[in-house]
Amino acid sequence: VVDAVEEAYPELEIAVWCIDRRFRGPEMVRAEPRLAAAANWLALAEVCGRRLSGRRGLLIDVGSTTTDMIPLDRGRAVPIGLTDTERLQSGELVYAGVRRTPLCAIAAELSFQGRPTGLAAELFATTLDVYLTLGAIKPDPLDRSTANGRPATPEESIDRLARMIGEDRERFTADDAARLAAEADACLVDRLERAAERVCKATIGKPETIVVSGAGEFLARRVAERLVGSNESVMG
């Protein structure tokens, strides 16, 4: 990445934000690449922390693949972990988002026609299908970054969700898809809420304000409102 940036902007002096909260030169980053690896979350958290000067808060950034839960305390980010592994251990990084997460990573079983039904441990459907079905993500017929390479539309999502339980259109309807998606969504919200509670308990206690962001801001906001009990303390 550093090589590409230097090639694209040869006339500029390049500085790279690192997890030690400093900008470093390209040579230092090449020598110590872990300093800059996946440091973008900390840059966002630092900016958000400054907006909450004097308050305790939490940043919930839900992306297409992952979710960041970063505690903020009186003007700065105060994470327990800095590397991805440390953050996975602390709960500050949850490997689940609103587009690319396989459905079988959200739940082992969901209900179909009133009966608990195990899910195929295969990449047959993702959270994109959940939120296309629920109307939280807009359809895009030109987008084929789906589990089966077919368009990102609610109609196609029915087929992908049906395959998760070994069904097809003959027995799996749009209403079945909506119920399955709603249950999967509830599982994900619960998981993110538990992670947020764990992070807050270990650092700041009950947050006064929660900042939400990312491609899945709609989901982050729901988690935030469950944590604080209203939307008055939630910032987008």
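The values are calculated or read from the model by the stated rules, or taken from the named source; none is laboratory data. Since we're looking at a predicted model, the values are computed, not measured. Because the Cβ atoms are built from the backbone with ideal geometry, glycine has one as well, and the counts that use them run over all protein chains shown. For accessibility, only protein heavy atoms count, side chains too; no ligands or nucleic acids. Shrake-Rupley method; radii C 1.70, N 1.55, O 1.52, S 1.80 Å.
Values for this structure:
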| quantity | calculated |
| --- | --- |
| Close pairs from region 70-93: first touching a residue at least 12 places away in the same chain (Cβ under 8 Å) and within 16 Å of ILE60 (Cα to Cα), partner of a type in the set (Asp, Glu) and in a strand (DSSP E or B), Cβ under 7 Å, at least 6 apart | GLU92/ASP68; LEU93/ASP68 |
| Residue check, LEU42 touching a residue at least 24 places away in the same chain (Cβ under 8 Å) and in contact with a Lys or Arg (Cβ under 8 Å, 6 or more places away or on another chain) | yes |
| Selection within region 1-49 - in a helix (DSSP H, G or I), open to solvent by 70 Å² or more (accessible area, probe 1.4 Å) and either farther than 27 Å from ILE204 by Cβ or among the basic types (Lys, Arg) (or both) | ASP3, GLU7, GLU27, MET28, ARG30, ALA31, PRO33, ARG34 |
| Residue check, ASP143 more than 19 Å from GLU122 (Cα to Cα) and not hydrophobic (A, V, I, L, M, F, W, C) | yes |
| Identity of the residue in region 93-117, touching a Lys or Arg at 6+ places or on another chain (Cβ under 9 Å) and within 24 Å of CYS200 (Cα to Cα), that ends up most open to solvent (accessible area, probe 1.4 Å) | ILE106 |
| Region 118-146, residues that are among the small types (Gly, Ala, Ser), open to solvent by less than 50 Å² (accessible area, probe 1.4 Å) and under 14 Å from VAL98 (Cβ atoms) | ALA125, ALA136 |
| Flag if GLY166 is under 18 Å from ALA108 (Cβ atoms), surrounded by fewer than 18 Cβ atoms within 10 Å (Cβ to Cβ), out of contact with any Cys (no Cβ under 7 Å at 6 or more places or on another chain) and not acidic (Asp, Glu) | yes |
| Selection count where residues are in contact with a Pro (Cβ under 8 Å, 6 or more places away or on another chain) and part of a strand (DSSP E or B), scope region 196-220 | 0 |
| Residue that is in contact with a Pro (Cβ under 7 Å, 6 or more places away or on another chain) and in a loop (DSSP other than H, G, I, E, B), where the choices are PRO79, PRO71 | PRO79 |
| Subset of region 98-152 (residues that are under 16 Å from ALA162 (Cβ atoms) and in a strand (DSSP E or B)) | PRO102, GLU109, LEU110, SER111, PHE112, ARG115, THR117, GLY118, THR126 |
| Qualifying residue in region 194-201 (condition: of a type in the set (Val, Ile, Thr), surrounded by 15 or more Cβ atoms within 10 Å (Cβ to Cβ) and either farther than 27 Å from GLU92 by Cα or free of Cβ contacts under 8 Å to residues at least 12 places away in the same chain (or both)) | no |
| Any hit, region 82-92, residues being surrounded by 22 or more Cβ atoms within 10 Å (Cβ to Cβ), out of contact with any Leu (no Cβ under 8 Å at 6 or more places or on another chain) and not in a helix (DSSP H, G or I) | yes |
| Test set (1) among the aliphatic types (A, V, I, L, M); (2) outside any loop (DSSP other than H, G, I, E, B); (3) within 22 Å of the chain's Cα centre (by Cα) - ALA162 fails condition number | (3) |
